[in-house]
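K.L.:
Dropping a structure here in structure tokens format, bear with me for questions.
Just so it is clear, none of the values below were taken in a lab; they were calculated from the coordinates. It should be emphasised that the depicted structure is a prediction, and the values quoted were computed from it without experimental measurement. No Cβ is skipped: glycine too gets one built from the backbone with ideal geometry, and neighbour counts run over all protein chains shown.
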Amino acid sequence: MHDANANRSAQMFAPLTASAVLVNPVGLHARPSVKLTQCAKGFIAKIEIALAAEGPWTDAKSPVKVMRVKAPQGATLHFRVAGPDGEAALAAMLALVHDGFGEA
Amino acid sequence: MGEIHLTGHPASPGLAIGPVAVLTSAVVSRVTKGDPVQEAAALKAAIEGAAVELADLIARVHDEAAEILEFQVAMLGDDALAEGAYEAIAAGVAADDAWRAALDAEISGYRAADEEYFRARAADLVDIRDRVLAGLNGANTIAKISGDSVVAGDDISPSTFLAVDWTRGGAIALAGGSPSSHVAMLARSRGAPMVVGLGPLPWNGQPPSLALVDGDAGTVIFDPHPETRRLFEHRMAAANAAQIAADAGRLKPALTADGKRIAVLLNVAAPEELGGLDPAICDGIGLVRTEFLFEGSRGLPGEDTQYAVYRRILDWAAGRPVTIRTLDAGGDKPIPGVTVDGERNPFLGLRGIRLSLARPQVFRVQLRALCRAAVHGTLKVMLPMVAVPSELDRAKAMLDAEFSALTAQGIACARPPLGIMVEVPSAALCAEDFDAAFYSIGSNDLTQYTMAAARDIGAVADLNDAGHPAVLALIARTVEAGRRRGVEVSLCGDAAADTRLTNALLATGLTTLSVSPIAVARLKAAIAGVIA
């Protein structure tokens with residue numbers, strides 16, 4: 001699906017990284033994971049998340065893999081993004097986390 | 001045959017009586033198996049079929065239920081979920097065995113999670129697994145359950161829950177399960193009583209025919225004696241009548257029969273409880289427990305994490321007062337890395353404020369986060385388990401120091417008023433000696449320490465009576481101290497929600513009661529019947 005594009009993009013664009021603290025009540029649980037992956041799929045860039053700056057990195061477009069990360073509330077979520085729309089993708093990801101995934 | 005009493009944990013409140021419907025995990029094996037190509041195609045078709053079924057179901061349900069199913073659809077639509085299964089099929093394993101093994105591996109990952117929330121998601125994965133298996137095996141997905149049944153089993157999947165019409169009065173009694181599961185959330189929003197963690201259901205072969213479910217107490221009685229059943233039905237009728245009357249008055253301020261205004265506040269154990277609640281049902285939040293921040297094993301919560309949570313609660317309250325209790329660990333609430341293990345009598349040991357003063361590095365972080373949050377509303381801070389005035393004085397000095405440090409750094413902050421929880425008899429007897437900005441009576445511990453009886457020890461539970469004259473005298477004495485010192489007194493223990501005690505509590509002079517959101521309507525109705 002996206003993988004062919006993403007891999008090509010990843011080779012041509014230097015990866016961008018940033019991190020944000022998960023503020024929503026129970027961390028990256030079911031609903032936020034779905035929102036995160038849906039948002040990520042809207043970009044061509046290869047988008048990965050991790051609980052530590054050095055990885056291991058997880059494909060942010062796969063809800064199954066994102067849920068396996070089991071990121072709790074208060075954890076720092078690191079992003080690594082590479083692709084032509086990388087900057088916009090990173091901004092969108094960070095906004096989603098800062099906004100607590102829209103949860104009250 | 002004798003009646004069977006089982007005790008578990010309440011997951012959704014309310015009382016129900018009904019015939020028992022036992023959930024069985026019917027395993028139908030596929031008769032014919034094809035070559036790897038056919039098996040892969042069969043699995044693909046079953047996964048796509050399951051997604052279509054879920055999409056149909058989503059179209060018929062609303063909000064929360066739809067979001068839960070959308071999670072399942074997202075998982076099913078992700079190739080990563082079936083990756084392992086397709087690999088096994090290519091190696092010659094049958095589609096159903098391959099799918100089951102792949103999902104079971106995924107499910108055991110969830111069950112091994114540190115956090116209750118992620119463990120509870122295992123039920124969603126089981127749901128996905130069984131729906132696809134049913135498609136592969138050509139079986140009907142869900143056995144029909146009549147809506148007036150008490151559904152008993154190890155656990156129940158969200159889609160099984162959603163297939164039942166819960167308006168007909170049924171309930172759920174589970175050997176396993178979790179109050180944090182999606183089904184528990186759904187049960188609470190649908191008003192279906194639910195009890196989890198009952199342990200192995202004790203029948204072999206012949207299941208019981210009738211069950212009484214008490215979702216308030218977390219108990220279930222199977223095959224009740226006629227007299228037990230009659231008493232239970234009596235309670236149900238009374239509760240129903242009270243609920244109907246109470247719901248009408250939930251949004252109105254609480255007034256006694258003679259027109260005296262009583263403030264009704266909320267007890268909150270986790271911020272998620274406020275989701276979907278109208279702040280107009282209460283006069284503020286009387287108790288925010290902060291232990292939830294310290295659960296899980298990823299270390300202690302940082303200042304920013306705590307600040308964000310406190311601020312969200314203050315934002316929800318929209319100017320109404322919010323009382324946040326500092327960490328009340330120890331006793332029956334151990335926290336790895338903070339509390340002391342192996343105390344001979346933890347209830348009389350290093351807990352509450354004693355522990356916070358012994359762990360100043362943890363306490364200071366919480367005090368800083370509270371000072372920063374205080375600019376976003378009307379925040380009050382209360383200290384648990386205070387026994388002597390010097391504990392309050394030491395905490396106050398630490399609060400002042402953190403407030404000064406934040407101010408010096410130019411960080412937005414305010415110094416919230418500092419009050420004490422009155423739950424140790426010494427604090428109730430000498431309440432006037434404390435330089436507290438307010439008193440909040442914790443009736444659970446005050447009762448247990450006054451009567452020297454724990455409520456979870458069955459043999460002495462009847463002694464644990466918050467309505468005993470000795471306990472009421474300590475409450476009245478605290479109210480009097482508050483009146484003399486001109487500071488507010490409230491009560492935030494379970495006694496506030498026990499409407500049999502409302503009359504006696506208001507007679508002590510209390511004018512502020514704090515209860516869990518579910519009890520607000522009932523309490524307001526009880527207050528309306530009291531002449532103060």
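K.L.:
Lone cysteines in the protein assembly as shown, going by a 4.7 Å Cβ-Cβ cut-off?
P.N.:
Those would be A:CYS39, B:CYS282, B:CYS430, B:CYS492, since no other cysteine Cβ in the protein assembly as shown comes under 4.7 Å of theirs.
K.L.:
Right, next: Measuring from label point to label point, each 7 Å out along Cα→Cβ, what is the B:VAL375 to B:ALA453 span in nm?
P.N.:
5.1
K.L.:
Moving to a separate point now. Between B:PRO13, B:ALA152, B:ALA66, whose Cα lies farthest towards the positive end of the dipole of chain B when Lys and Arg beta carbons carry +1 and Asp and Glu beta carbons carry -1, centred on the Cα centre?
P.N.:
B:PRO13
K.L.:
Please name which of B:VAL52, B:LEU266, B:ALA184 has its Cα lying farthest along the dipole of chain B towards the positive end, using unit charges on Cβ (Lys, Arg +1; Asp, Glu -1) and the Cα centre as origin.
P.N.:
Checked the options; the winner is B:LEU266.
K.L.:
To the nearest whole number, what is the average tally of beta carbon atoms from other chains within 10 Å of the beta carbons of peptide B:274-284?
P.N.:
Neighbouring Cβ atoms belonging to other protein chains average 1 per residue here.
K.L.:
A further question follows. Cα centroid distance between the stretch B:231-256 and the stretch B:41-113, in Å?
P.N.:
Each part reduced to its Cα centre gives a spacing of 43 Å.
K.L.:
Sticking with this one: In terms of modelled amide H atoms, which long-range or inter-chain residues lie less than 5 Å from the amide H of B:GLY8?
P.N.:
For B:GLY8, whose amide H was placed from the backbone, the distant partners under 5 Å are B:THR219, B:VAL220.
K.L.:
I've got another one for you. Rank A:THR37, A:ALA95, A:ALA53 by how far each Cα sits towards the positive end of the charge dipole of chain A (+1 on Lys, Arg Cβ; -1 on Asp, Glu Cβ) and give me just the farthest.
P.N.:
Toward the positive end, the furthest listed residue is A:THR37.
K.L.:
So how do B:ASP247, B:ASP278, B:ASP223 line up by other beta-carbon neighbours within 10 Å, fewest first?
P.N.:
B:ASP278, B:ASP247, B:ASP223
K.L.:
Over the whole of A:58-69, what's the average partner chain Cβ count within 10 Å per residue? Rounded to a whole number, please.
P.N.:
Other-chain Cβ atoms within 10 Å of each residue's Cβ, averaged: 5.
K.L.:
Quick check: residue separation of B:ARG484 and B:THR228 times 0.36 nm, minus the Cα distance between them. What number comes out in nm?
P.N.:
That works out to 87.3 nm of additional length.
K.L.:
Next up: Round to the nearest 0.05 the FRET efficiency obtained for B:ALA90 and B:GLU48 when R0 = 22 Å and r is the Cβ-Cβ distance.
P.N.:
0.70
K.L.:
Run the reach check for B:LYS252 against lysines, Cα to Cα strictly under 28 Å, same-chain hits fewer than 8 apart removed. What comes back?
P.N.:
Reachable lysines: B:LYS260, B:LYS380, B:LYS524.
K.L.:
B:ASP435 to B:LEU251: extension gain in nm, 0.36 nm per residue of separation minus the Cα-Cα distance?
P.N.:
That works out to 62.7 nm of additional length.
K.L.:
Here's a follow-up. Show me, for the stretch B:277-291, the HN-Hα J-couplings you get by feeding each phi into the Karplus relation (A = 6.51, B = -1.76, C = 1.60, θ = phi - 60°), rounded to Hz, glycine and proline as x.
P.N.:
8, 7, x, 5, 6, 9, 9, x, 10, x, 7, 10, 7, 9, 4
K.L.:
Quickly estimate the mean residue ellipticity at 222 nm for the protein assembly as shown, helices only: each DSSP H run with n ≥ 4 gives -39500 (n - 2.57), and the total goes over all residues, rounded to 500.
P.N.:
Per the formula, -13000 deg cm²/dmol.
K.L.:
Where the centroid of each part is defined by its Cα atoms, how far is the stretch A:36-55 from the stretch B:441-487 in Å?
P.N.:
The two parts, judged by their Cα centres, are 53 Å apart.
K.L.:
With a ≥ b ≥ c taken as the square roots of the eigenvalues of the C-alpha gyration tensor of the protein assembly as shown, please select rounded if a/c is under 1.5 and otherwise prolate if a/b is larger than b/c or oblate if it is not?
P.N.:
oblate
K.L.:
Here is a follow-up. Relative to the first principal axis of the alpha-carbon coordinates of chain B, what is the inclination of helix B:79-90, with its axis defined by its Cα atoms, in degrees from 0 to 90 and to the nearest 10?
P.N.:
Approximately 40 degrees, to the nearest ten.
K.L.:
List the residues, sorted by chain then number, that are 5 or more residues from B:VAL288 or on another chain and whose placed amide H is less than 5 Å from its amide H.
P.N.:
Result for B:VAL288 returns B:VAL268, B:THR323, B:ILE324, B:ARG325.
K.L.:
Next up: Whole-Hz ³J(HN,Hα) for each residue in the stretch B:92-103, computed from phi via Karplus 6.51 cos²θ - 1.76 cosθ + 1.60 with θ = phi - 60°, x for glycine and proline: what do you get?
P.N.:
Per-residue couplings from phi come out as x, 7, 5, 4, 5, 5, 5, 5, 4, 5, 5, 6 Hz.
K.L.:
Under a 5 Å amide H to amide H cut-off, with H placed in plane at 1.01 Å, what residues pair with B:VAL515 once short-range neighbours are removed?
P.N.:
So B:VAL515 has HN proximity to B:LEU265, B:LEU266, B:ASN267.
K.L.:
Now for a separate question. Relative to the Cα centre, what is the charge dipole magnitude of the protein assembly as shown, using +1 at the beta carbon of each Lys and Arg, -1 at the beta carbon of each Asp and Glu, and rounding to the nearest 20 debye?
P.N.:
For the protein assembly as shown, the charge dipole is close to 1340 debye.
K.L.:
Right, another one. Give the Rg (one decimal place) followed by the Dmax (whole number) of chain B, computed from C-alpha coordinates and expressed in Å.
P.N.:
26.1, 86
K.L.:
Round to the nearest 10 and give me the degree value, 0 to 90, for the angle of helix A:30-41's Cα axis relative to the longest principal axis of chain A.
P.N.:
Result, in degrees: 20.
K.L.:
I've got another one for you. Can you give me the angle between helix B:469-485 and the longest principal axis of chain B, using Cα atoms only, in degrees from 0 to 90, rounded to the nearest 10?
P.N.:
60
K.L.:
In the stretch B:261-528, what percentage of the DSSP-assigned beta bridges are antiparallel, given to the nearest 5?
P.N.:
5
K.L.:
Per residue of the stretch B:391-397, what does 6.51 cos²θ - 1.76 cosθ + 1.60 with θ = phi - 60° give for ³J(HN,Hα)? Whole Hz please, x for Gly and Pro, Karplus curve as stated.
P.N.:
Result, ordered by residue: 5, 5, 4, 5, 5, 5, 4 Hz.
K.L.:
A further question follows. Within a 10 angstrom radius of the beta carbon, how do B:ASP462, B:ASP97 rank from fewest other beta carbons to most?
P.N.:
The order, fewest Cβ neighbours first, is B:ASP462, B:ASP97.
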